[in-house]
Amino acid sequence: MVKIAVVVGSTRPGRRSKQVADWVLARATSRGGADFEMLDLADFDLPLLDEPMPPSLGNYQHEHTKSWAATIARFDGFIFVTAEYNHSVPGVLKNALDYLYEEWNNKAAGFVSYGSAGGVRAAENLRLIAGELQMADVRAQVALPFATDFENFTTFTPSNAAEEALEPLLQQLIAWATALRTLRT
């Protein structure tokens, strides 16, 4: 069975990403079809990229990088839960992606975004980054506007539209993660 990580893409105090990731993980786990696990970037404490060599060489020098690489290598696909900061992704998520290269290659990616406009610009930025990392991003995505999916703009309360949007994302992600696994074996 494929392994898919739900990545909590913000470490900001008061972040909404953990609430959203908890929802994604609960729905995905109850649905089945893959083994799902939460990866919270707050648990990894990666400094700003500090490797002396480009990640594409795979010559990691620091223990935090080696640990991050071993963690990412275990997965076949990822659901990135991202806020939208200034029309893009949180810096901590971009940094975590930039640390590695081969560990992301030929894996599937899906996006659950949130913000004033549903975080769609962050998801679009992630699609560009995923492409450069040789990840296959699925078409379906979940966009969560603060006005409709967060009570008082703080407490995550998924709308029916959000609930309905998650299933196609999971279907596509599991299918692509399963297919891409054959490229890596």
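If residue 31 satisfies all but one of (1) more than 24 Å from residue 180 (Cα to Cα); (2) in contact (Cβ under 8 Å) with a residue 40 or more places away in the chain, what's the number of the condition it fails?
Every listed condition holds for residue 31 apart from (1).
So which strands (runs of 3 or more DSSP E) stay within the stretch 1-95 end to end and still have 3 or more residues that are open to solvent by 10 Å² or more (accessible area, probe 1.4 Å)?
Filter on the stretch 1-95 gives 35-40.
Considering each residue of the stretch 126-146, count those that are within 29 Å of residue 54 (Cα to Cα), charged (D, E, K, R) and either touching a helix residue (DSSP H, G or I) at 6+ places or on another chain (Cβ under 7 Å) or not in a helix (DSSP H, G or I) (or both), and give that number.
So in the stretch 126-146, the residues within 29 Å of residue 54 (Cα to Cα) come out as 126-138.
So of that shortlist, the ones also charged (D, E, K, R) come out as 127, 132, 137.
After this cut, where a residue has to be either touching a helix residue (DSSP H, G or I) at 6+ places or on another chain (Cβ under 7 Å) or not in a helix (DSSP H, G or I) (or both) as well, the list is 137.
Qualifying residue count for the region: 1.
Within the set of pairs 6 or more residues apart or between chains, which connect a residue that is over 22 Å from residue 153 (Cα atoms) inside the stretch 115-127 to a residue that is open to solvent by 10 Å² or more (accessible area, probe 1.4 Å) with Cβ atoms less than 8 Å apart?
125/87; 125/88; 125/89; 126/89; 126/137; 127/137
Report yes if some residue within the stretch 116-125 is within 15 Å of residue 24 (Cβ to Cβ), among the hydrophobic types (A, V, I, L, M, F, W, C) and assigned to a helix (DSSP H, G or I); otherwise report no.
The answer is yes, given that some residue of the stretch 116-125 is within 15 Å of residue 24 (Cβ to Cβ), among the hydrophobic types (A, V, I, L, M, F, W, C) and assigned to a helix (DSSP H, G or I).
Looking only at residues that are among the small types (Gly, Ala, Ser) and under 12 Å from residue 4 (Cβ atoms) in the stretch 168-185, which one is surrounded by the fewest Cβ atoms within 10 Å (Cβ to Cβ)? Lay out the reasoning, then the answer.
Looking only at the stretch 168-185, we keep the residues that are among the small types (Gly, Ala, Ser), and these are 175, 177, 179.
Filter again for under 12 Å from residue 4 (Cβ atoms), leaving 175, 177.
Details: 175: 15, 177: 26.
Filtering first and then ranking leaves 175.
Does at least one position in the stretch 135-150 carry a residue that is at pLDDT 95 or above and loosely packed, with under 13 Cβ neighbours inside 10 Å?
yes
Which of the numbered conditions does residue 156 fail, given that it passes all the others? Conditions: (1) open to solvent by 30 Å² or more (accessible area, probe 1.4 Å); (2) at pLDDT 95 or above; (3) in contact with a strand residue (DSSP E or B) (Cβ under 8 Å, 6 or more places away or on another chain).
(1)
The values are calculated or read from the model by the stated rules, or taken from the named source; none is laboratory data. Remember, predicted model here, so these are calculated numbers, not experimental data. All Cβ positions, glycine included, derive from the backbone under ideal geometry; neighbour counts span all protein chains shown. For the accessible areas, the whole protein counts, side chains as well, though only heavy atoms, and no ligand, DNA or RNA atoms are used. Shrake-Rupley method; radii C 1.70, N 1.55, O 1.52, S 1.80 Å.
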